[in-house]
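A short write-up of the structure that comes next.
The values are calculated or read from the model by the stated rules, or taken from the named source; none is laboratory data. Model, not experiment: these values are computed from the prediction. Cβ coordinates were reconstructed from backbone atoms using ideal geometry, including for glycine residues, and neighbour counts include every protein chain displayed.
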Amino acid sequence: MGFNIAIDGPAGAGKSTIAKKVAKKLGYIYVDTGAMYRAMALFLLREGVDPENTEVVNEKCKEADITIRYEKEEQVVYLNGENVNAFLRTEQVGNMASVTSANSNVRKKLVELQQKLAANADVVMDGRDIGTCVLPDAEVKVYLTASSKVRAQRRYDELTAKGEVCDIAVIEKDIIERDHQDMTREISPLKQAEDAVLVDSSDMTIEEVVETIMKMTVTGEI
């Protein structure tokens, strides 16, 4: 049986950054759910499936076996036994993933695969519904958030560091709208699991958040 850490929260809360650091410190597998959706998209592309043909997508997605392993400190995504890392970041795969990830059967199949992975390994998984739907029995559940103002500032800093010109007010407006969409969507809306610990990172450094989760994991203290 694996030891599971579930980290949920709104966009821009730093979930992936925190989850990767916690996983590295503990020697756990960080489950990149986005990479799994891309692997499914790659499978459907190779099978020549029209993403708009829901019936065919529903049937074909059942044939994909996707898992993640760490080899030489690198995340390796396996699709039916093949290392497909080199194929996941193409625009074609990204476009296919954005269409097929909305399919409820694709999602159901990937949740099954994520649960199978978590049952057999120590994992850290982040998303919108990990603690509520994907890993409801996770030993540690965290709801990581920050104020929309802080999240907008972080995003603004990230974009300006890349040389992009942007408006922080527009970024915050987009974040607030995204929160609303995520919290009110029909399938697996974003919400804090009843047994999740709320961690507000507005006034915390990345390392402080990591240490908080490490403490919860190692000692069970908050």
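Kindly establish whether residue 148 is touching a Pro at 6+ places or on another chain (Cβ under 9 Å) and free of Cβ contacts under 8 Å to residues at least 60 places away in the same chain.
Yes; evaluated as a whole, the condition is true for this residue.
Among what's in the range 96-114 and is polar (S, T, N, Q) and surrounded by 15 or more Cβ atoms within 10 Å (Cβ to Cβ), pick the residue that is farthest from residue 59 (Cα to Cα).
Among residues in the range 96-114 that are polar (S, T, N, Q) and surrounded by 15 or more Cβ atoms within 10 Å (Cβ to Cβ), the one farthest from residue 59 (Cα to Cα) is 114.
Can you tell me which residue is surrounded by the most Cβ atoms within 10 Å (Cβ to Cβ) among those in the range 76-95 that are free of Cβ contacts under 8 Å to residues at least 40 places away in the same chain and closer than 14 Å to residue 64 by Cβ?
Among residues in the range 76-95 that are free of Cβ contacts under 8 Å to residues at least 40 places away in the same chain and closer than 14 Å to residue 64 by Cβ, the one surrounded by the most Cβ atoms within 10 Å (Cβ to Cβ) is 78.
Within the range 103-117, can one find any residue that is over 21 Å from residue 25 (Cβ atoms), in the same structural domain as residue 40 (by TED's automatic domain parsing) and assigned to a loop (DSSP other than H, G, I, E, B)?
yes
So residue 135 passes all but one of these: (1) under 16 Å from residue 45 (Cβ atoms); (2) modelled with pLDDT of 95 or more. Which condition number does it fail?
That leaves (1) as the condition not met.
What is the number of the single condition among (1) in contact with a Leu (Cβ under 8 Å, 6 or more places away or on another chain); (2) crowded, with 21+ Cβ neighbours inside 10 Å; (3) assigned to a loop (DSSP other than H, G, I, E, B) that residue 51 does not meet?
Result: residue 51 passes all but (2).
When you go through 33, 17, 54 one by one, which is the residue that is in contact with a Gly (Cβ under 7 Å, 6 or more places away or on another chain) and modelled with pLDDT under 95?
Only one candidate passes the filter, namely 33.
Here's the yes/no breakdown for (1) acidic (Asp, Glu); (2) over 21 Å from residue 97 (Cβ atoms):
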{"site": "1", "(1), (2)": "no, yes"}
{"site": "18", "(1), (2)": "no, yes"}
{"site": "24", "(1), (2)": "no, yes"}
{"site": "47", "(1), (2)": "yes, no"}
{"site": "60", "(1), (2)": "no, no"}
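Going by what's in this entry, would residue 24 be described as closer than 30 Å to residue 203 by Cα and either touching a Cys at 6+ places or on another chain (Cβ under 8 Å) or in a helix (DSSP H, G or I) (or both)?
Spelling it out, residue 24 is indeed closer than 30 Å to residue 203 by Cα and either touching a Cys at 6+ places or on another chain (Cβ under 8 Å) or in a helix (DSSP H, G or I) (or both).
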